[in-house]
Amino acid sequence: MRSSDVLGNSSILITGGTGSFGSVFVPQTLARFNPRRLVIYSRDEMKQWEMAKQFADDPRVRFFIGDVRDKDRLSRALDGIEYVVHAAATKIVPTAEYNPFECVKTNVLGAMNLIDACIDRGVRKVVALSTDKASSPANLYGATKLTSDKLFVAGNSYSGSHGTRFGVVRYGNVMGSRGSVIPFFMSIREQGVLPITDPRMTRFMITLEQAVETVWHAMDDMIGGEIYVKKIPSMKVTDIALACAPEARHEIVGIRPGEKLHEQMIGMEDSFHTYEYVDYFKILPAIHNWSADPARINHGTKVAEGFNYSSDNNAHWMSRDALQHWIKENQQKIGKY
């Protein structure tokens, strides 16, 4: 998967830019593309304060306090912006279940605000981050992200003559990110017991660096309305536990409300509009017959009818040794982003 210099010497804004994704996207994009301006838009002033210390001497980096729920503030922040990455979201599954109104306000109404503001401000391209939970959703978080995905896809027809183009990047479990299973297991391994929800459970494994590269590729490749899904390996949760704490005993505690046994990124319903490439899949928009557009297909191979891409039927699996090597190489970053 390659990316051109579409972001070179440009003006970029990232919503939720002080989060896990932004902590990797910002320095790597600065180094790779040398944009004129990179704006971090988020509502957490303390995270902005901490992040600003890292870029205190870089005039390209700007910080803008704001919430995606506030359309006027978004419009102000988007002045002169050419490209947007939308990473802001309410993401924790139990938090969304117990605070559904707040989740909808951020993930759905926030998406609508951003789409409108980007069109009004003449932004060229927008890539929104999605999640495996948006495919056949089993919880509110997934349902709001599916809605968000649909909004960004439809935004391409909504923009009309303004020309703003919207695409989506969907990925699953980020290895080592704050609150995820690897740092959790490592934080309690000294107790000698690790809680396992279900021994059959599987998860996709992706690094934030891979997620960033997929966003770069989507920004370069998209015509409008595509959902990009990078091919990544799977692991059984029991193997993740063994890689993190080989000597620990496993205690089966059961699946939590809204949790899936296996992650899914492409459902059977999407197979009619999905194309395969060397490093990724692309779900094309069903509306306006865009899924038959040669420019969007771009030499892809159509998947078989009924195809689904989930962590249990994956052709690519990560070994315990490979994960242990990754943990050793990334020890200082685990749980920090």
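Taken residue by residue, the range 328-337 has no member that is surrounded by 19 or more Cβ atoms within 10 Å (Cβ to Cβ) and at pLDDT 95 or above. Within the range 138-157, being outside any helix (DSSP H, G or I) and either at pLDDT 95 or above or not hydrophobic (A, V, I, L, M, F, W, C) (or both) holds for one residue alone: 139. Residue pairs whose Cβ atoms lie under 7 Å apart, sitting 6 or more positions apart in sequence or on different chains, and linking a residue in the range 171-197 that is under 17 Å from residue 246 (Cβ atoms) to a partner that is of a type in the set (Lys, Arg) and modelled with pLDDT of 90 or more, are 192/249; 193/249.
Here residue 49 meets each of (1) within 29 Å of residue 141 (Cβ to Cβ); (2) of a type in the set (Phe, Trp, Tyr); (3) surrounded by fewer than 18 Cβ atoms within 10 Å (Cβ to Cβ); (4) in contact (Cβ under 8 Å) with a residue 24 or more places away in the chain with one exception, condition (4). Go through the residues of the range 243-254 one by one and say whether even a single one is under 30 Å from residue 163 (Cβ atoms) and buried (at least 20 other Cβ atoms within 10 Å of the Cβ). So far as the range 243-254 goes, no, none of its residues is under 30 Å from residue 163 (Cβ atoms) and buried (at least 20 other Cβ atoms within 10 Å of the Cβ). Scanning the range 214-263 for residues that are among the hydrophobic types (A, V, I, L, M, F, W, C), more than 21 Å from the chain's Cα centre (by Cα) and over 23 Å from residue 331 (Cα atoms) yields 252, 253, 255. Looking only at residues in the range 278-296 that are surrounded by fewer than 17 Cβ atoms within 10 Å (Cβ to Cβ) and touching a residue at least 12 places away in the same chain (Cβ under 8 Å), the one that is nearest to residue 223 (Cα to Cα) is 295. Residue 211 fulfils the conditions (1) outside any helix (DSSP H, G or I); (2) within 26 Å of residue 300 (Cβ to Cβ); (3) touching a helix residue (DSSP H, G or I) at 6+ places or on another chain (Cβ under 8 Å) except for a single criterion, (1).
I'd like to know if the range 73-80 contains one or more residues that are in contact (Cβ under 8 Å) with a residue 60 or more places away in the chain, not in a helix (DSSP H, G or I) and not aliphatic (A, V, I, L, M). Yes, some residue in the range 73-80 is in contact (Cβ under 8 Å) with a residue 60 or more places away in the chain, not in a helix (DSSP H, G or I) and not aliphatic (A, V, I, L, M).
Taking the conditions exactly as written (free of Cβ contacts under 8 Å to residues at least 40 places away in the same chain, under 30 Å from residue 277 (Cβ atoms) and in a helix (DSSP H, G or I)), does residue 31 satisfy them or not? Here the answer is yes, as residue 31 does meet what is asked.
Table: residues versus (1) within 23 Å of residue 75 (Cα to Cα); (2) at pLDDT below 95; (3) of a type outside the set (Gly, Ala, Ser).
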{"position": "3", "(1), (2), (3)": "no, yes, no"}
{"position": "21", "(1), (2), (3)": "yes, yes, yes"}
{"position": "26", "(1), (2), (3)": "yes, no, yes"}
{"position": "31", "(1), (2), (3)": "no, no, no"}
{"position": "34", "(1), (2), (3)": "no, no, yes"}
{"position": "37", "(1), (2), (3)": "yes, no, yes"}
{"position": "41", "(1), (2), (3)": "yes, no, yes"}
{"position": "44", "(1), (2), (3)": "yes, yes, yes"}
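Rundown of residues vs (1) under 20 Å from residue 265 (Cα atoms); (2) of a type in the set (D, E, K, R), yes/no style:
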{"residue": "165", "(1), (2)": "no, yes"}
{"residue": "182", "(1), (2)": "no, no"}
{"residue": "189", "(1), (2)": "no, yes"}
{"residue": "196", "(1), (2)": "no, no"}
{"residue": "214", "(1), (2)": "yes, no"}
{"residue": "217", "(1), (2)": "yes, no"}
{"residue": "220", "(1), (2)": "no, yes"}
{"residue": "230", "(1), (2)": "yes, yes"}
{"residue": "247", "(1), (2)": "no, yes"}
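Checking the conditions here, which among 96, 77 is under 21 Å from residue 141 (Cβ atoms), aliphatic (A, V, I, L, M) and surrounded by 15 or more Cβ atoms within 10 Å (Cβ to Cβ)?
96
Somewhere in the range 63-71, is a residue at pLDDT 95 or above and in a helix (DSSP H, G or I)? The answer is yes; a qualifying residue exists.
Scanning the range 92-129 for residues that are closer than 15 Å to residue 163 by Cα, outside any helix (DSSP H, G or I) and within 19 Å of the chain's Cα centre (by Cα) yields 125, 126, 127. Listed by first and then second residue, the pairs with beta-carbon distance under 6 Å, at least 6 apart or on different chains, first residue in the range 115-141 and over 14 Å from residue 90 (Cβ atoms), second assigned to a helix (DSSP H, G or I) and modelled with pLDDT under 95, are 119/162.
The values are calculated or read from the model by the stated rules, or taken from the named source; none is laboratory data. Since this is a predicted model, take the numbers as computed values, not measurements. Heads up, the Cβs are rebuilt from the backbone with ideal geometry, glycines too, and the neighbour counts pull from every protein chain shown.
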